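The values are calculated or read from the model by the stated rules, or taken from the named source; none is laboratory data. None of these values were measured; they are calculated from a predicted model. Cβ atoms come from the backbone with ideal geometry, glycine included; neighbour counts cover every protein chain shown.
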Amino acid sequence: MTKREWPDTIQAGECEQHEPLVRRVLAPNPSPYTYTGTQTWLVGAGKDVAVIDPGPAGSGKSIGDPFKTDDANGDGHVDAILKATDGQNVTAIICTHTHRDHSPAAAPLKAATGAQIIGCAPLVIADDGPRADSAFDPDYAPDKILSDGDEVSGDGWTLQAVTTPGHTSNHICYALKESGAMFTGDHVMKWSTSVVSPPDGDMADYMASLQKIYEREDNIYYPAHGPAVTKPRQLVRGMIGHRRQRERQILNLLEKGEGHIPTMVLQMYKGLDERLHGAAGRSVLAHLVDLKNRGVAANDGDIWKKLGS
């Protein structure tokens, strides 16, 4: 298959070739938040291979909840990665961020291969109120943290870190210099917009990160969930416009005196599965916090208003 083709059904554990240096292995953790599951990307056709977003680690039991995306849904995924890389040396285990559908398999994969865990920093959220980090991997322990522009290389491949905070403060994309591909984690996906959830998720950072990659010349995006993005700049331009439209919707509602987030979600996301209302509310909150930081909105507890209106 060519890199522009994308099957409608993908079997967990299968390894698929997408271009000479790029393969993927699908984790068994499908959900409304993860599409068909976390896509672990393998980079390298020679003796060395990098594993990007090793995914969930598995727990030996099924949690039975399609809306949970933690490591309990990853049984057998590490074995599938090891099978796909048999005959090669895994030299780098690279994470885009530390949500539990992305990084927990790094530790057992390191134990099996001896490769270093490289990439994003561990994420620690200050305990200054209600916690919002239950979806983060508390055990993630990198051997090396990358900064913007840092590179990781192996036999025939070079990956460059492109820091993209917003979805999480520690999110990093990785550009494959040999082919012009970029692995975008949860920052840019074709099938869904990224959830930006305060206090760690930051809308201003997210918008700046979208603009940052829009100004690049990457040929194709390989996200951690869902189809490849074959027209990257076109999609990112649309995403920026979509977020600006959401901001206008919020300001219009505030001007009408509607400042309660759950009610705003009902008006802004008509037809959305009710089980996704919580995630939508977090993105609305992220917009409101951004507006507050810019001096455009303010809140009194759970009620928000537009300043000057």
Between 162, 195, 188, which is within 19 Å of residue 39 (Cβ to Cβ), β-branched (Val, Ile, Thr) and in contact (Cβ under 8 Å) with a residue 60 or more places away in the chain?
195
Could you figure out which of (1) in a loop (DSSP other than H, G, I, E, B); (2) in contact with a helix residue (DSSP H, G or I) (Cβ under 7 Å, 6 or more places away or on another chain); (3) crowded, with 20+ Cβ neighbours inside 10 Å; (4) not aromatic (Phe, Trp, Tyr) isn't true of residue 190?
(3)
Show me the helices (runs of 4 or more DSSP H) found entirely inside segment 225-309 where at least 2 residues are over 20 Å from residue 195 (Cα atoms) and not hydrophobic (A, V, I, L, M, F, W, C).
232-255
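Whether any residue in segment 218-225 is out of contact with any strand residue (DSSP E or B) (no Cβ under 7 Å at 6 or more places or on another chain) and of a type in the set (D, E, K, R) is what I want to check.
no
Which residues, taken from segment 26-43, are hydrophobic (A, V, I, L, M, F, W, C) and not in a strand (DSSP E or B)? Walk me through it before giving the result.
The initial filter retains those residues of segment 26-43 that are hydrophobic (A, V, I, L, M, F, W, C), namely 26-27, 41-43.
Once the filter is applied, which keeps residues that are hydrophobic (A, V, I, L, M, F, W, C) and not in a strand (DSSP E or B), segment 26-43 yields only 27.
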Could you check, for segment 195-205, whether at least one of its residues is surrounded by 22 or more Cβ atoms within 10 Å (Cβ to Cβ), among the polar types (S, T, N, Q) and either in contact with a Ser or Thr (Cβ under 8 Å, 6 or more places away or on another chain) or within 20 Å of residue 237 (Cα to Cα) (or both)?
no
When both residues are 6+ apart or on different chains and their Cβ atoms are under 6 Å apart, which pairs have a first residue that lies in segment 84-95 and is within 18 Å of residue 13 (Cβ to Cβ), and a second that is assigned to a loop (DSSP other than H, G, I, E, B)?
90/115
Filtering segment 2-46 down to residues that are touching a Phe, Trp or Tyr at 6+ places or on another chain (Cβ under 6 Å) and modelled with pLDDT of 95 or more, which residue is surrounded by the fewest Cβ atoms within 10 Å (Cβ to Cβ)?
21
Can residue 237 be described as touching a Phe, Trp or Tyr at 6+ places or on another chain (Cβ under 7 Å), modelled with pLDDT under 95 and surrounded by fewer than 16 Cβ atoms within 10 Å (Cβ to Cβ)?
no
For residue 229, indicate whether it is at pLDDT 95 or above, buried (at least 17 other Cβ atoms within 10 Å of the Cβ) and more than 17 Å from residue 172 (Cα to Cα).
yes
